[in-house]
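Novice: Once you've had a glance at the structure underneath, I'll fire off some questions.
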Amino acid sequence: MILPDAREDGLPPPVPWDGDEPYAPIGLPLVDLLDRVLGAGVVVSGDLVLAIADVPLVRVSLHALLSSVSARVPSPWADSGPL
Amino acid sequence: MSSSDTGTVTYLFALCAGRPPDGALAAVAGHSGGGPLRTLAAGAVHLVVQDVPAADFGERALTDRLNRPEELRRCALAHHRGVAAAAPCGPVVPLPMATVYLSDGNAVSAVASREEAVLAVFRRLDGRTEWAVKVHAAAPEAAAGAAGSGSAGTGGPGTAVPGGRGYLSRASARQRMRRDRHETARAVARTVDLTLRRYAVDATAHRPQSEHLTGRRAPQLLNAAYLVDDARRAEFTAALDRLRADGRLREVEITSSGPWIPYSFARLGEQVPAAATTAAAGAAGTGAP
C-alpha cells in the first residue's frame with residue numbers, strides 16, 4: 001500500500017481548508033485523514049442502513065488494513081502503547 | 001429524492017448550523033456515481049447529503065471497497081470534500097465516513113431526534129479548528145550517529161575488550177543506550193503534548209500509526225489532535241514552532257497539519273454529561289452523610 005503521506009523530507013505543510021484550492025489531495029496527509037473520517041465524527045444512528053454501515057463495519061476494514069500491515073512490519077517497541 | 005426504486009440511498013456528510021449555498025455545494029464533487037451535493041433541514045440543523053448508488057454503499061460493497069487502499073483513499077477524500085464544503089458557513093459537525101440512510105426522511109428524523117445535542121456540539125466547535133500533531137522518535141541512524149559516533153563500527157579502534165566478553169558488553173551498552181533513548185523520547189513527547197494543551201480547548205489522542213503507514217523508520221510516540229480557538233491559533237502555532245526549534249527536543253521530530261475541521265472533537269453529548277454528572281454528584285452529595 002502506498003500512501004502519499006510517506007514523506008521523508010520533514011514537515012508536511014499545513015493543509016488549509018479555507019484557502020483557494022482547499023481540497024487538493026496532494027499534500028493532504030491521508031493517514032491523518034483516515035484517522036479522522038474513520039474514527040471520528042458524530043455517530044447519528046437510528047436507521048437500518050446506518051446500522052450496517054456504522055462504526056463496526058468501518059472499524060473492521062480499518063483493522064483489516066492495519067493488521068495486514070502490522071503482520072508484515074512488527075513494531076520494534078512491542079511494549080509501547082499510547083502515551 | 002432517494003428511494004429504492006431509483007436505486008439510490010442518502011449519504012450524509014456533515015451537519016451544519018448555516019445553510020451552505022446550493023451553488024457552492026453543486027460545485028463540489030462528492031462520491032463518484034452519485035448526484036450533486038444538496039442540503040436537507042432538520043429543525044435548525046442542515047444536513048449535507050448526496051444521493052449515491054445503493055449498489056456501491058451496501059454492506060458487502062462497502063466492506064469490499066474500504067478494504068482496497070485506493071478505493072478507501074478515494075472514498076475518504078470524497079467524504080472530506082463533502083464535509084469541507086459546509087465549513088465556510090459556520091460550525092460543521094462531520095459524520096463518520098459511510099453514514100448512509102435508506103431515504104432522506106430517515107436521515108432527517110435521525111438528526112431531528114438529536115437536535116439539541118447537535119446544537120450543543122455546534123456551540124462547542126464554533127470558531128475552533130483542529131490541529132494534528134505527531135511526534136516521532138528521531139530516525140535511528142541519525143540518533144545513533146549523534147550519540148555513538150566513533151564506537152559504532154564493530155571491531156573498530158574504539159573496542160577496548162576483545163573477544164566474546166567485549167562483544168557482550170558492547171551489545172548490552174548498545175541496548176541500554178537504545179532503551180535510554182526511547183525513554184527520553186517518550187518523555188519529550190509528553191512534554192510536547194502538555195505544552196500544546198496549554199493553548200488548546202481540548203486534546204485527544206489517536207492510535208499511534210504504524211511505521212508502514214507513516215513511511216518512517218522511527219516509532220510514532222504521539223498522534224494527537226488539539227481543538228484550538230481561532231483567536232489562539234497564532235499562539236498555538238508559535239508554540240509548535242518553538243518546540244520544533246528547541247535544541248533539547250532533538251530526540252524527536254514534530255510534524256503537524258491543520259487547521260482541520262474538528263473531526264476528532266465532534267462527539268455527541270460527551271462534554272455535557274461530564275458537567276451534568278459532576279453537578280448531579282454534587283447535588284446528590286449534599287444529601288449524603
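The values are calculated or read from the model by the stated rules, or taken from the named source; none is laboratory data. The shown structure was predicted, so the numbers you read here are calculated from the model rather than taken from an experiment. Methodologically, a virtual Cβ is constructed for each residue, glycine included, from the backbone with ideal geometry; neighbour enumeration extends over all protein chains shown.
Novice: Any idea which residue in region B:137-165 is nearest to B:Thr255 (Cα to Cα), counting only those that are surrounded by 14 or more Cβ atoms within 10 Å (Cβ to Cβ), out of contact with any strand residue (DSSP E or B) (no Cβ under 7 Å at 6 or more places or on another chain) and modelled with pLDDT of 60 or more?
Specialist: For region B:137-165, the residue satisfying everything is B:Ala139.
Novice: Out of all the residues in region B:106-121, is one or more in a helix (DSSP H, G or I) and either at pLDDT below 85 or in contact with an Asp or Glu (Cβ under 7 Å, 6 or more places away or on another chain) (or both)? Before the answer, list the steps.
Specialist: Taking region B:106-121 as the starting set, the residues that turn out to be in a helix (DSSP H, G or I) are B:106-112, B:115-121.
Those left that are additionally either at pLDDT below 85 or in contact with an Asp or Glu (Cβ under 7 Å, 6 or more places away or on another chain) (or both): B:106, B:110.
There is at least one residue in region B:106-121 that is in a helix (DSSP H, G or I) and either at pLDDT below 85 or in contact with an Asp or Glu (Cβ under 7 Å, 6 or more places away or on another chain) (or both).
Novice: Any residue in region B:17-32 that is crowded, with 22+ Cβ neighbours inside 10 Å and under 23 Å from B:Arg124 (Cα atoms)?
Specialist: Yes, region B:17-32 contains at least one residue that is crowded, with 22+ Cβ neighbours inside 10 Å and under 23 Å from B:Arg124 (Cα atoms).
Novice: Here's another thing I want to ask about it. Can you pull out every residue in region B:188-205 that is buried (at least 22 other Cβ atoms within 10 Å of the Cβ) and either facing chain A (nearest Cβ under 7 Å) or among the basic types (Lys, Arg) (or both)?
Specialist: Within region B:188-205, B:Ala189 is the sole residue that qualifies.
Novice: Considering only residues that are within 7 Å of chain A (Cβ to nearest Cβ) and assigned to a helix (DSSP H, G or I), which ones fall in region B:229-268?
Specialist: Answer for region B:229-268, where residues must be within 7 Å of chain A (Cβ to nearest Cβ) and assigned to a helix (DSSP H, G or I): B:Tyr263, B:Ser264.
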